[in-house]
């Protein structure tokens, strides 16, 4: 009886585990939320800032959101925006998705990794893997290109 229960549990987990296929990522993704936004907004510097300073911080947050786009162009290639010295830079990288749903982005200079927590037709949630702890989740929405007439 124990063996049957264990076997059923194993097979049900095996069939529900669904690794992300890199083809599912193909398309354009816009950053719409990152947990760091809430950390900034809950910080004493933000809460105690005057209206002008808060407005400047919000503008920086919105700039980061609007400027962060991932364009997966094939199952193994990505164009993405990055910030270098507070300047937006377009980069191209090779990507790989492991069986554990870890996205590796290799731009030639460094390899960044993020765990894919959720991937739906119009929503992608990743959590960068960094030393020293979590920086929080990044939520992207698929950008649908307008249809040409």
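The values are calculated or read from the model by the stated rules, or taken from the named source; none is laboratory data. Keep in mind the model is a prediction, meaning the values are calculated, not measured. Cβ coordinates were reconstructed from backbone atoms using ideal geometry, including for glycine residues, and neighbour counts include every protein chain displayed.
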For the range 115-149, how many residues are over 21 Å from residue 61 (Cα atoms) and at pLDDT 90 or above? 9
Scan the range 83-97 for residues that are exposed (fewer than 15 other Cβ atoms within 10 Å of the Cβ), out of contact with any helix residue (DSSP H, G or I) (no Cβ under 9 Å at 6 or more places or on another chain) and either modelled with pLDDT of 95 or more or assigned to a strand (DSSP E or B) (or both) and report the count. 7
How many residues are under 13 Å from the mean Cα position of the chain (by Cα), farther than 20 Å from residue 65 by Cα and either in contact (Cβ under 8 Å) with a residue 24 or more places away in the chain or buried (at least 16 other Cβ atoms within 10 Å of the Cβ) (or both) if we restrict to the range 98-114? 3
By residue number, the members of the range 77-90 that are within 19 Å of residue 25 (Cα to Cα) and under 16 Å from the mean Cα position of the chain (by Cα) are 77, 78, 79, 80, 81, 82
Kindly evaluate residue 63 against the criterion of being out of contact with any helix residue (DSSP H, G or I) (no Cβ under 6 Å at 6 or more places or on another chain) and assigned to a strand (DSSP E or B). no
